[in-house]
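Everything below concerns the one structure shown next.
The values are calculated or read from the model by the stated rules, or taken from the named source; none is laboratory data. Keep in mind the model is a prediction, meaning the values are calculated, not measured. Heads up, the Cβs are rebuilt from the backbone with ideal geometry, glycines too, and the neighbour counts pull from every protein chain shown.
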């Protein structure tokens, strides 16, 4: 995953209202890069 995408997700998660669940498709965690392509930490799960 490109750093630009991670930066975009970080900005979106703090600036835009999110009123429902977020789905991340194609988020396979490759051996040796676990957590690198995981965008879930950027978004709250309060809904």
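The residues in the stretch 1-13 that are exposed (fewer than 10 other Cβ atoms within 10 Å of the Cβ) and either within 10 Å of the chain's Cα centre (by Cα) or at pLDDT below 90 (or both) can be counted, and the count is 2. The residues of the stretch 14-47 that are assigned to a helix (DSSP H, G or I) and surrounded by 11 or more Cβ atoms within 10 Å (Cβ to Cβ), listed by number, are 40, 42. Applying a threshold of 8 Å to beta carbon distances and a minimum spacing of six or more residues, or different chains, the list of pairs starting in the stretch 27-43 at a residue that is at positive phi and ending at one that is surrounded by 10 or more Cβ atoms within 10 Å (Cβ to Cβ) and part of a loop (DSSP other than H, G, I, E, B) reads 35/29. The set of residues from the stretch 1-13 being in a loop (DSSP other than H, G, I, E, B) and either touching a strand residue (DSSP E or B) at 6+ places or on another chain (Cβ under 7 Å) or touching a residue at least 24 places away in the same chain (Cβ under 8 Å) (or both) comprises just one member, 1.
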